[in-house]
Amino acid sequence: MRPEGPQFSPEEHAEQLRLARERLAQLESLDLALGRWREVVEAIAASANRAEAVAALRGLLGVDENGAHSIVQLQWARLTRDTVGHIRQEIEEIRRDIDQLGG
């Protein structure tokens, strides 16, 4: 994520920081959902449609709309423990990147 060589312009720096924060929020939402997967499945299954499922997840988990959409799009294979470990590792990497970007 950090550039090698030339520095980012202020605009590029701000965009890199925004993208990193957006990805971090998405991963944190997924991590939270995977830790409470039974409740998440019940909330989605009880919803009449996708929009209602997103709203239910926002209320259940306290995530933003983008995070809730990421959870709704989650594939069942992502429930495995090794995938959860990879998500948590990426969260830590992105947090370091954000710190290095000054955010």
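Just so it is clear, none of the values below were taken in a lab; they were calculated from the coordinates. This is a predicted model, so every value here is computed, not measured. Quick reminder, even Gly has a Cβ in these numbers, built from the backbone with ideal geometry, and neighbours come from all protein chains shown.
Values as computed for the structure displayed
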item	result
Neighbourhood net charge (14 Å Cβ-Cβ; Lys/Arg +1, Asp/Glu -1) for Leu60	-2
Selection from Ala51, Trp37, Ala25 lying farthest towards where the dipole of the chain points positive, charges on Cβ	Trp37
Neighbourhood charge, 15 Å Cβ-Cβ cut-off, centred on Ser47 and excluding it, Lys, Arg +1 and Asp, Glu -1	-2
Net charge over other residues, Cβ less than 14 angstrom from the Cβ of Val84 (K, R count +1; D, E count -1)	-1
Estimated inter-spin distance, Phe8 and Gln100, nm [label 7 Å along Cα→Cβ]	1.2
Test item: Cα-centred dipole of the chain, Lys/Arg +1 and Asp/Glu -1 on Cβ, debye	360
